[in-house]
Structures are given as structure tokens and as C-alpha cells.
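Student: Please find one structure pasted underneath; my questions will follow.
The values are calculated or read from the model by the stated rules, or taken from the named source; none is laboratory data. As the structure is a prediction and not an experimental result, all values here were calculated from the model. All Cβ positions, even for glycine, are placed from backbone atoms using ideal geometry, and neighbour counts span all protein chains on display.
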Ligand code: URA
């Protein structure tokens, strides 16, 4: 890597700053101290997130770009402590370009509202940003192609807690084997680092599963409560 090259087109001020620091370290400087506020001024996570969203809107890294109506990037408070990650957009989400707006999403909002929390106080997204035809399972190569968007979202939003909605989200985020059952991992606090951010990941049932199995609701509610408490929404 040539650290003396001119800034790359599209590279963020923070990436350039990191590169400059690395260069100084290679030059033999033991410690590089920056004046207070320099990093903050160089870096606006909300602006960066908008750039990533624009990139996702144009993405054609997998076959799903041929069948989607809209890219469903994610929405909510980009400065929240709590992020929800689902599997992939369904029919309504694909048509409206917004995550969790169908029946499963309505159920999710209902549960959140029980605690006096609204969707705009958290950030909601999915592992895949485009709908798989007929809501089939995401394919491994689609997850691989789309993962960098999720990783970037986590890096920029820097949530304390991620509630994974369903096995796909949990397995992807925690890098677990393909067949890991959600019942084995749900409700537990899994500490991990994603995109350089230390987060507590809590897997739980997907709200679409709850629409078919109302018996899972008490456990879901317990997991949601844990996530809300750890993220500071509840005492
Ligand atoms: N199911 C998901 O996993 N995500 C959505 O956005 C909607 C349904």
C-alpha cells in the first residue's frame, strides 16, 4: 500500500485520517495525538450513512437487483443505541422501500409501543436489502454480497445493542453455522465486535414466526425487554 498517494476518490475523511496516522506510525512516531474535535469534524456519520444508502440504491452485486422494485436500506434514528436486524424485505417492503411495514412489521411496532417506544427511536434494517423472489430464503452468496452494507451501517450507527429478528439475522451477525436453531441462542447476550464496534447481540424470534405461533410471544417480549433495557430505553 502506498501511503503517500493522494486521497482516493470516494474515501471518507476518516479513512484519510487513519491512513495519515498509519503513515506517521510507519515513519517511527510512537504516538500520534490529534487536537480535540478533529475526528468529529472530519466525520459526520449521518452524512456517511446517506452515502452508503446511495451506493446501496445502485447496487447490482447479486441477482436480486433484477427482480426488486426498491432497495430497502433501513430507517430510523441513526444515533440510536438500539438496532433491529431482520432477514430480508418482503412484498410490502419491496413495494414501499421501507423495512418491516407489512404484517410482521405491524406486530413489531405493536410490541415496541407496549413499552412507549416508537420505530423512529430505533434503527431497523435487514441482512438483505433486496427482496428474494416469493420470499424464499436468502442464498449464501446474496448474504455475502450484501453484508458490507450491514457492516457499514453498524459501524456508522454504532449501536450498543442489536436485536436480531430470526435465525438468519442471528446466524449472519454472529457468524454461526447454517443450521443453528434460534431456540438455542435466543434471549442470550452475545458480545461481539462488528465493523469495529463492540455490541451486545440478542437473537430472538422473527415477528413473522409469531404471526403463526402466538405461543412464542412471551419469549419474544422478554427478549425485546432485555434489548430495550440494555440500550437504555427502560430502567
Ligand atoms: N421480514 C423481514 O425480515 N424484514 C422485513 O423488512 C419484513 C419482513
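Student: What is the residue count in the range 164-218 for residues that are at positive phi and under 15 Å from the mean Cα position of the chain (by Cα)? Step through it out loud before you land on a result.
Tutor: So in the range 164-218, the residues at positive phi come out as 166, 175, 187, 195-196.
After this cut, where a residue has to be under 15 Å from the mean Cα position of the chain (by Cα) as well, the list is 166, 175, 195-196.
Final tally of qualifying residues: 4.
Student: Identify the residue in the range 190-216 that is touching a helix residue (DSSP H, G or I) at 6+ places or on another chain (Cβ under 8 Å) and loosely packed, with under 15 Cβ neighbours inside 10 Å and, among all such residues, is nearest to residue 86 (Cα to Cα).
Tutor: So the first thing to find is which residues in the range 190-216 are touching a helix residue (DSSP H, G or I) at 6+ places or on another chain (Cβ under 8 Å), and the list is 190, 192, 194-197, 199-211, 216.
Checking which are loosely packed, with under 15 Cβ neighbours inside 10 Å leaves us with 192, 196, 211.
Details: 192: 18, 196: 21, 211: 15 Å.
Top of the filtered list is 211.
Student: Inspect all residues belonging to the range 13-29 and state whether any of them is exposed (fewer than 13 other Cβ atoms within 10 Å of the Cβ), out of contact with any strand residue (DSSP E or B) (no Cβ under 7 Å at 6 or more places or on another chain) and at pLDDT below 75.
Tutor: Within the range 13-29, none of the residues are exposed (fewer than 13 other Cβ atoms within 10 Å of the Cβ), out of contact with any strand residue (DSSP E or B) (no Cβ under 7 Å at 6 or more places or on another chain) and at pLDDT below 75.
Student: Take the residues in the range 113-139 that are in contact (Cβ under 8 Å) with a residue 24 or more places away in the chain and in a helix (DSSP H, G or I); name whichever of them is farthest from residue 53 (Cα to Cα).
Tutor: Across the range 113-139, the extreme among qualifying residues is 114.
Student: Taking the range 178-212, which residues are over 17 Å from residue 158 (Cβ atoms), more than 16 Å from the ligand (Cβ to nearest atom), in contact with a strand residue (DSSP E or B) (Cβ under 8 Å, 6 or more places away or on another chain) and free of Cβ contacts under 8 Å to residues at least 40 places away in the same chain?
Tutor: Selection gives 185, 187, 188, 190.
Student: Determine whether residue 137 is at pLDDT 95 or above and surrounded by fewer than 16 Cβ atoms within 10 Å (Cβ to Cβ).
Tutor: Against the criterion (at pLDDT 95 or above and surrounded by fewer than 16 Cβ atoms within 10 Å (Cβ to Cβ)), residue 137 qualifies.
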